[in-house]
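Just below is one structure, and these are the notes that go with it.
The values are calculated or read from the model by the stated rules, or taken from the named source; none is laboratory data. In this text, all values refer to a predicted model and were calculated from it rather than measured experimentally. For neighbour counting, all protein chains shown are included, and Cβ atoms are generated from backbone atoms with ideal geometry for every residue, glycine included.
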Amino acid sequence: RPQTELDPTAIQGRAELLVAEALLDGLRRLDEQAIMGPHMPHMDDVFLRIDEQVAKLTRDALPRDELSVLELVNGRNSVKEIARKTRAGTFAVARVLYRHAKANLVRKKVTPVVV
(Lines give C-alpha, C1' and ligand atoms only; values in the text may rest on other atoms or scores of the structure.)
Protein backbone atom coordinates (compact mmCIF):
# COMPACT_ATOMS: atom_id res chain seq x y z
CA ARG A 1 0.00 0.00 0.00
CA PRO A 2 1.32 3.42 -0.82
CA GLN A 3 1.74 5.59 2.22
CA THR A 4 0.60 9.17 1.86
CA GLU A 5 2.07 11.88 3.99
CA LEU A 6 -0.23 14.43 5.49
CA ASP A 7 0.51 17.99 4.57
CA PRO A 8 1.09 19.96 7.83
CA THR A 9 -0.47 23.06 6.28
CA ALA A 10 -3.62 21.10 5.38
CA ILE A 11 -3.82 19.68 8.90
CA GLN A 12 -3.49 23.14 10.44
CA GLY A 13 -6.07 24.58 8.03
CA ARG A 14 -8.51 21.81 8.91
CA ALA A 15 -8.02 22.40 12.65
CA GLU A 16 -8.57 26.14 12.19
CA LEU A 17 -11.76 25.43 10.26
CA LEU A 18 -13.05 23.15 13.04
CA VAL A 19 -12.30 25.84 15.64
CA ALA A 20 -14.04 28.49 13.52
CA GLU A 21 -17.11 26.25 13.13
CA ALA A 22 -17.23 25.66 16.90
CA LEU A 23 -16.96 29.39 17.59
CA LEU A 24 -19.71 30.21 15.09
CA ASP A 25 -21.96 27.54 16.59
CA GLY A 26 -21.37 28.98 20.06
CA LEU A 27 -22.15 32.50 18.87
CA ARG A 28 -25.28 31.28 17.09
CA ARG A 29 -26.45 29.63 20.32
CA LEU A 30 -25.80 32.80 22.32
CA ASP A 31 -27.78 34.80 19.77
CA GLU A 32 -30.70 32.35 19.86
CA GLN A 33 -30.59 32.29 23.66
CA ALA A 34 -30.76 36.10 23.73
CA ILE A 35 -33.76 36.05 21.37
CA MET A 36 -35.60 33.51 23.53
CA GLY A 37 -34.70 35.48 26.65
CA PRO A 38 -36.75 34.63 29.71
CA HIS A 39 -38.99 32.38 27.60
CA MET A 40 -36.19 29.88 26.97
CA PRO A 41 -37.20 26.52 28.48
CA HIS A 42 -35.08 25.27 31.37
CA MET A 43 -33.83 21.69 31.62
CA ASP A 44 -36.37 20.70 34.28
CA ASP A 45 -39.37 22.35 32.58
CA VAL A 46 -42.22 20.05 31.56
CA PHE A 47 -44.55 20.87 28.66
CA LEU A 48 -48.07 19.87 27.68
CA ARG A 49 -49.07 19.30 24.06
CA ILE A 50 -52.07 21.29 22.83
CA ASP A 51 -53.67 18.46 20.89
CA GLU A 52 -56.35 20.63 19.22
CA GLN A 53 -53.61 22.71 17.56
CA VAL A 54 -51.40 19.72 16.76
CA ALA A 55 -54.35 17.98 15.07
CA LYS A 56 -54.54 20.86 12.56
CA LEU A 57 -51.01 20.09 11.30
CA THR A 58 -50.29 17.79 8.41
CA ARG A 59 -47.87 14.97 9.18
CA ASP A 60 -45.14 16.56 7.05
CA ALA A 61 -45.62 20.07 8.48
CA LEU A 62 -42.71 19.62 10.89
CA PRO A 63 -39.18 18.39 10.33
CA ARG A 64 -38.41 14.96 11.78
CA ASP A 65 -36.40 16.32 14.73
CA GLU A 66 -39.21 18.68 15.75
CA LEU A 67 -41.80 15.94 15.35
CA SER A 68 -39.81 13.57 17.56
CA VAL A 69 -39.69 16.25 20.28
CA LEU A 70 -43.41 16.96 19.94
CA GLU A 71 -44.26 13.27 20.24
CA LEU A 72 -42.46 13.13 23.61
CA VAL A 73 -44.30 16.14 25.06
CA ASN A 74 -46.77 14.51 27.44
CA GLY A 75 -46.88 16.53 30.65
CA ARG A 76 -44.34 14.22 32.32
CA ASN A 77 -41.10 14.40 30.30
CA SER A 78 -38.77 17.27 31.14
CA VAL A 79 -36.62 19.04 28.56
CA LYS A 80 -33.66 17.00 29.82
CA GLU A 81 -35.57 13.70 29.45
CA ILE A 82 -36.74 14.58 25.94
CA ALA A 83 -33.14 15.45 25.00
CA ARG A 84 -31.95 12.08 26.32
CA LYS A 85 -34.70 10.14 24.52
CA THR A 86 -34.21 11.93 21.20
CA ARG A 87 -30.42 11.95 21.57
CA ALA A 88 -30.45 15.66 20.85
CA GLY A 89 -28.86 18.27 23.06
CA THR A 90 -30.88 20.11 25.67
CA PHE A 91 -30.36 23.38 23.79
CA ALA A 92 -31.77 21.89 20.58
CA VAL A 93 -34.81 20.56 22.44
CA ALA A 94 -35.31 23.88 24.25
CA ARG A 95 -35.14 25.70 20.90
CA VAL A 96 -37.78 23.37 19.39
CA LEU A 97 -40.06 23.72 22.44
CA TYR A 98 -39.69 27.51 22.30
CA ARG A 99 -40.78 27.51 18.65
CA HIS A 100 -43.65 25.12 19.37
CA ALA A 101 -44.81 27.31 22.27
CA LYS A 102 -44.76 30.36 19.97
CA ALA A 103 -46.84 28.37 17.44
CA ASN A 104 -49.28 27.42 20.23
CA LEU A 105 -48.54 23.69 19.87
CA VAL A 106 -47.27 23.26 23.45
CA ARG A 107 -47.39 25.14 26.72
CA LYS A 108 -45.34 24.95 29.86
CA LYS A 109 -46.90 22.87 32.62
CA VAL A 110 -47.50 24.96 35.70
CA THR A 111 -47.42 23.13 39.00
CA PRO A 112 -49.96 24.52 41.46
CA VAL A 113 -48.61 26.08 44.62
CA VAL A 114 -50.02 24.59 47.80
CA VAL A 115 -50.81 27.23 50.41
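Restricting the first member to region 48-59 and to residues that are free of Cβ contacts under 8 Å to residues at least 40 places away in the same chain and of a type in the set (A, V, I, L, M, F, W, C), and the second to residues that are surrounded by fewer than 13 Cβ atoms within 10 Å (Cβ to Cβ) and in a loop (DSSP other than H, G, I, E, B), no beta-carbon pair is closer than 8 Å while six or more apart or on different chains.
Scanning region 42-56 turns up at least one residue that is polar (S, T, N, Q) and more than 17 Å from the chain's Cα centre (by Cα). Of all residues in region 60-70, those that are out of contact with any Leu (no Cβ under 8 Å at 6 or more places or on another chain), free of Cβ contacts under 8 Å to residues at least 12 places away in the same chain and surrounded by 14 or more Cβ atoms within 10 Å (Cβ to Cβ) total 1. When region 38-82 is filtered for residues that are in a loop (DSSP other than H, G, I, E, B) and among the β-branched types (V, I, T), the ones remaining, listed by number, are I50, T58, V73. For region 21-59, the candidate set comprises residues that are of a type in the set (S, T, N, Q) and surrounded by 10 or more Cβ atoms within 10 Å (Cβ to Cβ); within that set, the residue that is modelled with the lowest pLDDT is Q33. Please work out which one of (1) exposed (fewer than 10 other Cβ atoms within 10 Å of the Cβ); (2) of a type outside the set (S, T, N, Q); (3) assigned to a helix (DSSP H, G or I) is the condition A101 fails and give its number. Status for A101: all satisfied but (1).
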